[in-house]
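Bear in mind that the values in this text are calculations on the coordinates, not laboratory data. This one's a predicted model, so the numbers in the text were calculated from it and none came from an experiment.
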Amino acid sequence: MASFLPGRHRMRQFLVAGSLALLVGGTPAPAQGIDENLVVVDQAGADNRADITQSGFGNVAGLEALPILQDGFWNDLSIVQENANNRIATEGAGLLQEGRFTTRSIHNAISIEQRSNANVVGEVRQLSLGVVPNGANMLGIVQRGGDENRIDAVSQVQLGGQAPQQMELQQTGAGNRIVRAAQTSLTTDRTEANVIRVTLAGDRNGQGALLGVAALPALASSTLVQEGGSIDMRGNGNFAELIVTGDDTAFGIRQGGRLNSVGAVVVTGDLNAIGLRQDGDENDIVLAPVDGDLNEIGIDQIGTNYAEVTLLDRASGNAVALRQQGGADGFVFVEGNDNRIAVEQDFLGGLGGDNTTSVQVTGAGNALEVQQAGRNRADVTVTGDANNSVGAFTAPGMPALAVGLVKQDGFDNVVQIGLTGNRNAVAAMQTGSLNLFDLVVTGDDNEALLLQSGSGNTARVGQTGIGNRASISQ
């Protein structure tokens, strides 16, 4: 497999203070198409490199009792398995790279490619112990040309320095799964981000249980994890990218720390479930336009947050739940029918709470709920017919709200709502002081209900059309 990071340092072709152990075992059984070869590598020292190619079936590279091990610095490993039912590091810590000393280049590099069905990459670990100013750990895994492939547990740990870690995982086919991919960085001062990029092409990939709005998001299997260490949970930057092409894929991303970013998340297909969680400061999530139907997307952010979700190209039957705690900005853009959107923005331990949400809905039969606590602003634009006219929708772990309700609790709140179309419904509840409610309605048979509790409140309602109704209580 070609290097997935252009210009990366390539290790020299000889060994220094290292050893190479190669074991080929098993009894070939041509009638069953099984080769059952086993490869073990044990290298210690400097400039370690191993290139492994297995062309048969049922081959194994690395076991817990007989692992592939590179221990030193400037470690480089390449593995290619060309047929089905092959295994890499399937038992315990079957593949381990330990970079122990200071270098000025890449500490650890692993490249893995599997080219058929039912292949497994088990437990792969990259551990960088020293101060590395450039690239600490780099890992690339490609599973292509088949179905039912699996990546169980791959991890990268950087214990010091300011170097980024990079991981790229690709799966093509059906029924593939990435159980867990994790990056941890125990550094107090980062200048570059940890990066995970995942590309899934095919159906029924992930195979997690995220389900109902992905389920806001406690997360489960099929998860990418990026987090800081015990020294300073906020002292790292993370970037995760997820591209899903196909149907019925389930996946989650969790980031802990500072300057976290999820984007782009690209979902093309139907019945996909995506759960995203961020803990820390200066976090952002930006989803590329979701192209498909019946998708479940749940976002949970704690800290100072930004989130943007877009459903375009007449996407229908999708559910989006966004929960933010702290100083939050949330943007949801929907073009399609029968979509459900729930937004909750709240304080974080009595701090923050300067929340802004903007929701734009174009289509018919969509349902919207917004709840804010703090100093809030909500801008809602609805274009179409029969929006907020169906039964209530509540995302898991979020408070129950009536359909079409914008609820604000705090002070200096602003709600601006524009309705264009027929038989739409909207309700607003403001509790606190210095609140502003501004509603403009164009169309027929629309309904508006406003309740303001507190002092210094202002309400403005403009309706154009036939049979519209408005009720205001202060």
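A few notes on this one:
- Karplus-derived HN-Hα couplings along region 256-272 (A = 6.51, B = -1.76, C = 1.60, θ = phi - 60°), whole Hz, x at Gly and Pro: x, x, 10, 6, 7, 9, 10, x, 8, 9, 10, 10, 10, x, 10, 6, 8
- Residues whose amide H falls under 5 Å from that of N117, counting only those 5 or more places apart or on a different chain, are A84, N85, D147, with hydrogens built in the peptide plane.
- Under 5 Å, built H, 5+ apart or other chain: amide partners of I341: V320, A367, L368, E369
- In order along region 108-122, the phi-based Karplus estimate (6.51 cos²θ - 1.76 cosθ + 1.60, θ = phi - 60°) of 3J(HN,Hα) comes to 10, 9, 10, 10, 10, 9, 10, 10, 8, 9, 6, 8, 9, 10, x Hz; Gly and Pro are listed as x.
- Placed amide H near L434: partners under 5 Å, 5+ positions off or other chain: D412, S455, G456, N457
- Applied to region 447-453, the Karplus parametrisation 6.51 cos²θ - 1.76 cosθ + 1.60 on θ = phi - 60° returns per-residue 3J(HN,Hα) values of 10, 9, 10, 10, 10, 10, 10 Hz, with x for Gly and Pro.
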